[in-house]
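Before any comments, here is the structure.
The values are calculated or read from the model by the stated rules, or taken from the named source; none is laboratory data. Note that this is a predicted model, so its numbers are computed, not measured. For neighbour counting, all protein chains shown are included, and Cβ atoms are generated from backbone atoms with ideal geometry for every residue, glycine included.
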Amino acid sequence: MIDGINNTVLDRINGNGGNPKLSQSQSDELRESFLTMLVTQLENQDPMDPMKNEEMTSQLAQINTVSGIEQLNDTLNGITQQMDAGKMLQASGLIGNAVLVPGNSVKVNIDDEGASHATPFGIELAKPAERVDISVTSKTGEVVYTEKVENVSAGVQSFSWDGLNNNGEPLVAGDYRVSLKAFDAEGEEMSAESLNYALVQGVTPAKDDGDVRLDLGAIYGQVGIDQVKQIL
């Protein structure tokens, strides 16, 4: 009686148990050898004690399982490659676009006419806030601008600022920090995440974790595409 292909053989083919995966030629050879032995067994079996149908079916099922697993692995690898390519294509469409990502930076610029402009910033809330307190500070920690915004909806909300202090005077061009605090109707502070503006400059292909990375420049570095909260 020829024994069916046991789990050890299956493990060898699929690279389990620390054994290397068989090459396609080795796998084909294994299947051909199995079928040859099965045919030989059928030709030389004892007529008084022939192989039972369930025994032959079991052995055929095992070799078909091997083939099916290999084909499934190839299919899954193909799907994974397609998904990675799709992520890369999706991410490349963001190059040159402004996005909001987790952070608390805001930049003030002065144009040729002396007018000040500031990059947008935002907040992400799990539920609506009765009030959001905005505070902008300089690198030295000096508070240069404050504002209170009421009835802010849940989700991602963006804010614009003209780069002026509370007296309406333009601030010096440079980097500032924004602090956002959200409060509910009872005046209790809520959980909130501050978001800052960044420009997508490039895309890095997915690595082992399958996560495509967006290059936001030297200041913000690289972030996963899942960190993009809003496209501006």
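The table below lists the values:
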item	result
Members of segment 213-232 that are farther than 21 Å from residue 155 by Cβ and either touching a Ser or Thr at 6+ places or on another chain (Cβ under 7 Å) or assigned by TED's automatic domain parsing to the domain that holds residue 150 (or both)	213, 215, 222
The listed residue being acidic (Asp, Glu), closer than 24 Å to residue 228 by Cβ and at pLDDT 95 or above, out of 193, 147	193
Qualifying residue in segment 92-115 (condition: surrounded by 19 or more Cβ atoms within 10 Å (Cβ to Cβ) and over 19 Å from the mean Cα position of the chain (by Cα))	yes
Some residue of segment 190-209 being closer than 30 Å to residue 116 by Cα, out of contact with any Asp or Glu (no Cβ under 7 Å at 6 or more places or on another chain) and among the acidic types (Asp, Glu)	no
Condition check for residue 175: more than 25 Å from residue 126 (Cα to Cα) and assigned to a loop (DSSP other than H, G, I, E, B)	no
Qualifying residue in segment 180-189 (condition: touching a strand residue (DSSP E or B) at 6+ places or on another chain (Cβ under 9 Å), crowded, with 19+ Cβ neighbours inside 10 Å and modelled with pLDDT of 95 or more)	yes
Residue in segment 203-226 that is under 27 Å from the mean Cα position of the chain (by Cα) and of a type in the set (S, T, N, Q) present	yes
Long-range neighbours under 7 Å by Cβ, at least six apart or interchain, first residue closer than 13 Å to residue 136 by Cβ within segment 154-178, second among the hydroxyl-bearing types (Ser, Thr, Tyr) and assigned to a loop (DSSP other than H, G, I, E, B)	176/138
Some residue of segment 143-155 being under 18 Å from residue 124 (Cβ atoms), surrounded by fewer than 15 Cβ atoms within 10 Å (Cβ to Cβ) and among the aliphatic types (A, V, I, L, M)	yes
Number of positions in segment 90-114 that are small (Gly, Ala, Ser) and under 17 Å from residue 176 (Cβ atoms)	2
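Each row is one residue, and each column tells you yes or no for (1) outside any strand (DSSP E or B); (2) over 21 Å from residue 191 (Cβ atoms); (3) touching a strand residue (DSSP E or B) at 6+ places or on another chain (Cβ under 6 Å); (4) not assigned by TED's automatic domain parsing to the domain that holds residue 191.
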site: 109; (1), (2), (3), (4): no, yes, yes, no
site: 113; (1), (2), (3), (4): yes, yes, no, no
site: 124; (1), (2), (3), (4): no, no, yes, no
site: 127; (1), (2), (3), (4): yes, no, no, no
site: 131; (1), (2), (3), (4): no, no, yes, no
site: 135; (1), (2), (3), (4): no, no, yes, no
site: 139; (1), (2), (3), (4): yes, yes, no, no
site: 144; (1), (2), (3), (4): no, yes, yes, no
